[in-house]
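Scroll down for the structure; my scribbles are underneath it.
Read-outs: derived from the displayed coordinates by stated rules, not from any lab. In this text, all values refer to a predicted model and were calculated from it rather than measured experimentally. Positions of Cβ are generated from backbone atoms using ideal geometry, with glycine treated the same way; all protein chains shown enter the neighbour counts.
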Amino acid sequence: MSTSLLYHAFGIRGYQYTRTDYQEGQVLFTIRQEPETCRCSACGSPRVQSRGRVERRFRTVPIGSRATFVVLPVPRVECQACGVVRQVKIPFADPRRSFTRAFERYALELGRRMTIRDVARHLGVGWDVIKDLQKRDLSRRFAKPKLKHLRHIAIDEIAVAKGHRYLTVVLDLDSGAVVFVGDGKGAKALKPFWKRLRGSKAKIEAVAMDMSKAYRQAVSTHLPEAKIVFDRFHVVKLFNEKLTQLRRDLHREATDTLQKKVLKGTRWLLLKAAENLDETRNEKQKLEEALALNKSLATAYYLKEDLRQFWEQPGQRFATAFLNDWIKRAEASGIKMLQEMAKTLAWHRSGLLAYYDVRITSGPMEGTNNKIKTMKRQAYGFRDKEFFKLKILAIHETRYELVG
Ligand SMILES: [Zn+2]
């Protein structure tokens, strides 16, 4: 093999080709380093004495389907300046790695189109080898996203495993990128974020979040200038949860079998926006039947649909009037669930109206959340949490298959 092929195929330069061996379907290229090119790996001095060699084997890019290795007796030298014996540096592989950089690049490239399992199988290495390669690459590129440009962010928790394990995700609403993933939920999960944010000197104008206390206090403390927006997405989600509970209670309490039957099929219809009901499947009719039989369910449903108009008002003054009116109607409904909702919205009034100062919502967070769910379903799941977190940070990049 020529030295130029060594370079162009495997990225190896500055060595002499010795020989090729074929062993058990593997290809082994032995190369050598001439003594006069040896340098001290610590100080770079050429004034070194040879002290033998240590043979090392590096996996490199396969030739066809054959596993291919580069075998190098690595010179050991005693440096006259340092007075220490060391192996010389190997420019074509990272320290302590048993594969070449060319192999690493190739495996990462394959990872853009294939799952970790497929790449590992194709290259004849363990799943962990490929995962670790991806992890190091992700870490290099995504572990510390730049925060300086942040203006509008969303903060949310996501359930990542059974048994209430959570991660806290911060999203840049202007770019759609995940900029932080913290362990757990609540204020504590955000601590490392504030620390990095302080260093970045970012000027965050607004934060979208749900109405729970979890993040609100932390944001007020660390970003006193930022507007907090309790966003539409979370309000609707909360309402839907309560509506589902109401339907369940009514179903349990119903004594009439027809009423039970009608209620049973309406769970998803209640949560759908009215304009999304499927006419061809009689969804509208089914829902109306159920609502006709249950006055309180009907009231709750129509007030839910009505509340959506809060985000369609021409300005803050109209929105304020609308919200006040909605709260009054919910309070007067006599339905406990609606009265609770009215109380929650009244309590969070200024954060809801803040939408009319900064029109942000956690909507994009839902897309991110769905991608995370897809990742979660895959085999590797949560086995390596740091890897999982890095994948979330890289989620807006299509460079990797999310599956693994
Ligand atoms: Zn030295």
Open item on the list: Averaging the inverse of every distinct alpha carbon separation and then flipping it gives the Kirkwood radius. What is it for the stretch 268-404, in angstrom units?
Closed with: 18.4 Å
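What net charge do the residues around ARG165 carry, taking every other residue with its C-beta under 10 Å from that of ARG165, with Lys and Arg at +1 and Asp and Glu at -1?
On the way: positive: LYS162, LYS185, LYS385; negative: ASP183.
Result for the neighbourhood of ARG165: +2.
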Open item on the list: What is the distance in Å between the Cα centroid of the stretch 1-70 and that of the stretch 162-213?
Closed with: 47 Å
Task: Cα-based convex hull volume of the stretch 56-101 per residue, rounded to whole Å³ - done: 67 Å³
Task: ARG32 versus ASP183: modelled label distance in nm, points set 7 Å from Cα along the beta carbon direction - done: 5.1 nm
Task: Equivalent ellipsoid dimensions for the stretch 222-265 as semi-axes, Å, which come from the Cα gyration tensor, largest first - done: 39, 8, 5
TODO: Return the inverse of the average 1/r over all pairs of distinct C-alpha atoms in the chain, which is the Kirkwood hydrodynamic radius, in Å to one decimal.
DONE: 26.2 Å
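Placing unit charges on C-beta atoms (Lys and Arg positive, Asp and Glu negative, everything else neutral), compute the dipole magnitude of the chain about its Cα centre in debye, rounded to 20. Could the numbers behind the result be given before it?
Numbers: 77 positive and 44 negative charges, 288 e Å.
It comes to approximately 1380 debye.
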Task: Net charge over other residues, Cβ less than 13 angstrom from the Cβ of ILE31 (K, R count +1; D, E count -1) - done: +3
TODO: Determine which residues of the stretch 320-342 fall in the zone a paramagnetic label at TYR302 would reach in this model, i.e. backbone nitrogen under 19 Å from the point 7 Å along Cα→Cβ.
DONE: 322-342
Open item on the list: Across the stretch 203-336, what fraction of all alpha-carbon pairs, as a whole percent, falls in each successive 10 Å bin from zero upward?
Closed with: 11, 33, 31, 17, 7, 1
Task: Potential extension, ASP278-THR20 segment - 0.36 nm per residue separation minus Cα distance - done: 86.1 nm
TODO: Could you state the angle between the C-alpha long axis of helix 213-222 and the longest principal axis of the C-alpha atoms of the chain, as a value from 0 to 90 degrees rounded to the nearest 10?
DONE: 60 degrees
Task: Rg to Rh quotient for the stretch 73-123, alpha carbon positions, Kirkwood Rh - done: 1.24
Open item on the list: Test of understanding: express the Cα radius of gyration of the stretch 1-156 as a ratio to 2.2 N^0.38 Å, with N the residue count.
Closed with: 1.29
TODO: Calculate the spin-label point distance for ASP249 paired with LYS201, positioning each point 7 Å from the Cα along the beta-carbon direction, and give it in nanometres.
DONE: 5.4 nm
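Pairs to check: LYS213/LYS260; LYS260/LYS343; LYS135/LYS227; LYS185/LYS261. Give those whose C-alpha atoms are more than 32 Å from each other in this structure. Please list the in-between numbers first.
Details: LYS213/LYS260 37 Å; LYS260/LYS343 30 Å; LYS135/LYS227 36 Å; LYS185/LYS261 39 Å.
LYS213/LYS260; LYS135/LYS227; LYS185/LYS261, as the Cα separations exceed 32 Å there.
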Task: Cβ-defined net charge surrounding PRO91, 9 Å radius [Lys, Arg +1; Asp, Glu -1] - done: +3
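Quick check on the chain: of the DSSP beta bridges with both residues there, what percent are antiparallel, nearest 5%?
Working: 35 of 47 bridges.
Here the share of antiparallel DSSP bridges comes out near 75 percent.
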Task: In degrees, nearest ten, helix 127-142 long axis to first principal axis of the chain (Cα) - done: 70 degrees
Task: Over 31 Å between alpha carbons, listed pairs LYS336/LYS373; LYS144/LYS371; LYS201/LYS373; LYS191/LYS371; LYS162/LYS203 - done: LYS336/LYS373; LYS201/LYS373; LYS162/LYS203
